[in-house]
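What follows is calculated from the coordinates using simple rules that are stated; it is not laboratory data. This one's a predicted model, so the numbers in the text were calculated from it and none came from an experiment. Heads up, the Cβs are rebuilt from the backbone with ideal geometry, glycines too, and the neighbour counts pull from every protein chain shown.
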Amino acid sequence: MGRVGGAYGVHGMVRIQPLSEDPLALTRQPRWWLQIGVDSDWQPREVGDARAHGNALIASIAGVASREDAERLRGAMVGVPRAALPPLQEDEIYWSDLEGLGVVNREGVELGRVIGLLDNGAHAILRVRKDDAPEQLIPWVPAHVDRIDVPAGRIEVDWPAD
């Protein structure tokens with residue numbers, strides 16, 4: 001739902017870059033889960049004050065009392081439990097539901113599996129990797145994404161194999 005951008009001020013507040021469609025969604029959650037490092041476990045943290053600040057959020061998090069503590073969280077991912085999320089409309093999907101899905105192009109070539117998504121501001125970008133090959137970045141736009149079938153574990157795209 002977000003990423004810690006760094007410290008805000010000198011009293012341990014953090015600046016959060018929201019990654020959800022509703023940038024204020026995190027402010028309504030009393031507890032966030034932080035993943036500090038790509039392969040680390042998610043840790044629950046109580047949230048004190050959380051509010052909008054320009055295009056970001058600023059928040060106080062339990063156990064973060066100084067600017068140095070806040071800086072150590074830079075780059076950490078911020079999430080909430082699935083049960084805390086609003087129900088989806090028929091044409092919506094959570095990014096987390098896409099991770100692990102197989103990606104196949106129109107020619108039937110398997111491009112790999114979704115390892116994550118990025119948001120570049122204009123649109124999301126699907127990160128796809130097959131075995132030990134370098135990851136491919138596929139724009140998450142209707143021109144390239146033909147079909148999403150979560151129950152079948154598959155995304156069909158208009159994207160070359162190379």
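Show me the three semi-axes of the equivalent ellipsoid for the range 95-157, from the C-alpha gyration tensor (sqrt of 5 times each eigenvalue), largest first, rounded to whole Å.
Semi-axes from the Cα gyration tensor: 16, 14, 12 Å.
Hey, with R₀ at 25 Å, roughly what FRET efficiency would Gln17 and Arg129 work out to, going by the Cβ-Cβ distance, to 0.05?
0.60
Which of the chymotrypsin sites (Phe, Trp or Tyr not before Pro) across the range 1-98 are loop residues per DSSP, with 16 or fewer other Cβ within 10 Å?
Listed in order of number, the matching sites are Tyr94.
Take the Cα atoms of the chain, find their three principal axes, and give me the spread along each one in whole Å, biggest first.
55, 35, 27
Expected output is a single nm value to one decimal: the length gained when fully extending between Arg31 and Trp95, i.e. 0.36 nm times separation in residues minus the C-alpha distance. What is it?
Extending this stretch completely gives an extra 21.0 nm.
Sequence-distant or interchain residues sharing an amide H contact under 5 Å with Leu101, placed H: which?
Val114
Tell me, what does the Kirkwood hydrodynamic radius of the range 34-107 come to in angstroms if you use every pair of distinct C-alpha atoms?
15.4 Å is the Kirkwood radius here.
Suppose every K and R has +1 on its Cβ and every D and E has -1 on its Cβ; what is the size of the dipole of the chain about the Cα centre, in Debye to the nearest 20?
Using Cβ point charges on Lys, Arg, Asp and Glu, the chain gives about 700 debye.
Calculate the spin-label point distance for Ala65 paired with Leu137, positioning each point 7 Å from the Cα along the beta-carbon direction, and give it in nanometres.
That separation, rounded to one decimal, is 4.1 nm.
Starting from the range 102-162, pick out the GluC sites (Glu not before Pro) whose DSSP state is loop and whose Cβ has at most 16 other Cβ atoms within 10 Å.
Glu107, Glu135
Would you compute, from DSSP H runs of 4+ residues alone, the mean residue ellipticity of the chain at 222 nm, taking -39500 (n - 2.57) per run and dividing by the full residue count, rounded to the nearest 500?
Helices in the chain give a 222 nm mean residue ellipticity of -1000 deg cm²/dmol.
When the chain is treated as a GNM, springs tying every alpha-carbon pair under 10 Å, which of Glu46, Glu21, Glu99 comes out with the largest mean-square fluctuation?
Glu21
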